[in-house]
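First comes the structure, then the notes that go with it.
What follows is calculated from the coordinates using simple rules that are stated; it is not laboratory data. Since the model is a prediction, treat every value here as computed from it, not as a measurement. Neighbour counts run over all protein chains shown; Cβ positions are idealised from the backbone, glycine included.
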Amino acid sequence: MDKDQRKIWNENHKKFREILLSPEKHNEAIELFLSLHSFLHSSSISNLNVTLADELVSDLDEKVFRQYPVSNPDTRNSIAWHLWHITRIEDMTMNILVIDKQQVLHTANWLEKMNISFLHSGNDMSEEDIAVLSSKIDFNSLLEYREAVGNRTQEIISLVSPEQFKMKVEPNRIKRLFDENAVMSKSKWLAEYWSKKDIAGLILMPATRHILLHLNKCIRIKDKLHKKMRKLG
């Protein structure tokens, strides 16, 4: 993602924020969301030629994908963890908090396919568990899970009415996060944060900007470790 792309994405996200709650601009807001969101997922779910997600996984060395810990200034976590984390966050916020439906995670034996047992978001995760996830998670299945979640999010947002954007997250949906072990008890702060948001707020952060922030971290990890490998090679 070069400076021009970053500038355009941020400008469009700002515009999206400004028009999101305007009923008369609802269709424009949905189209803008689909564009912003598509750039953060594989090009297989959109008409975009190359996305930020594509840039990350292109020529990504498996050792780099699994490396934990890393020594970047803004993160110690592996690329594997970051990709899993943003996908879990998107899945639970869109499917539980926005529409109160089943998480994508539980639709197709995704845990078994990904070769992991963690149901939660990854917030406040122990170093030991991050190491286990980073070493065991199946790369291709993780990407397929991301694609399934991305497709589902686009279906959801395309059907949300202008009035729904202004609705607060319902308490019973927050409770589901804990009932389904999507959020750990020690991450209660995260559920409390979401409980204060309206649906628009969830779309602005977990479904868009939160993903961008973590993908950028991943690309910085990739670039740094690939550069180190070239020097050693």
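For residue 95, state whether it is over 27 Å from residue 164 (Cβ atoms) and in contact (Cβ under 8 Å) with a residue 12 or more places away in the chain.
Spelling it out, it is not the case that residue 95 is over 27 Å from residue 164 (Cβ atoms) and in contact (Cβ under 8 Å) with a residue 12 or more places away in the chain.
When you scan the range 172-191, do you find a residue that is within 18 Å of residue 60 (Cβ to Cβ) and hydroxyl-bearing (Ser, Thr, Tyr), even just one?
No, that holds for no residue.
Scan the range 92-112 residue by residue and report those that are touching a helix residue (DSSP H, G or I) at 6+ places or on another chain (Cβ under 6 Å) and of a type in the set (A, V, I, L, M, F, W, C).
94, 96, 97, 98, 99, 104, 105, 110
Would you tally the residues in the range 193-211 being part of a helix (DSSP H, G or I) and either in contact (Cβ under 8 Å) with a residue 40 or more places away in the chain or in contact with a helix residue (DSSP H, G or I) (Cβ under 8 Å, 6 or more places away or on another chain) (or both)?
Final tally of qualifying residues: 13.
Could you check the range 105-183 for helices (runs of 4 or more DSSP H) lying wholly inside it with 3 or more residues that are in contact (Cβ under 8 Å) with a residue 60 or more places away in the chain and more than 15 Å from residue 65 (Cβ to Cβ)?
139-159, 171-179
Report yes if some residue within the range 170-183 is within 28 Å of residue 26 (Cα to Cα) and touching a helix residue (DSSP H, G or I) at 6+ places or on another chain (Cβ under 6 Å); otherwise report no.
Scanning the range 170-183, I find at least one residue that is within 28 Å of residue 26 (Cα to Cα) and touching a helix residue (DSSP H, G or I) at 6+ places or on another chain (Cβ under 6 Å), so the answer is yes.
Of the numbered conditions (1) over 23 Å from residue 224 (Cβ atoms); (2) of a type in the set (S, T, N, Q); (3) more than 12 Å from the chain's Cα centre (by Cα), residue 93 fails exactly one; give the number of that condition.
In the conditions (1) over 23 Å from residue 224 (Cβ atoms); (2) of a type in the set (S, T, N, Q); (3) more than 12 Å from the chain's Cα centre (by Cα), residue 93 misses (3) alone.
Listed here are the residues, each with its yes/no results for (1) of a type in the set (Asp, Glu); (2) within 14 Å of residue 45 (Cα to Cα); (3) in contact with a Cys (Cβ under 7 Å, 6 or more places away or on another chain); (4) loosely packed, with under 14 Cβ neighbours inside 10 Å.
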site	(1), (2), (3), (4)
137	no, no, no, no
143	no, yes, no, no
148	no, yes, no, no
153	no, yes, no, no
159	no, no, no, yes
165	no, no, no, no
171	no, no, no, yes
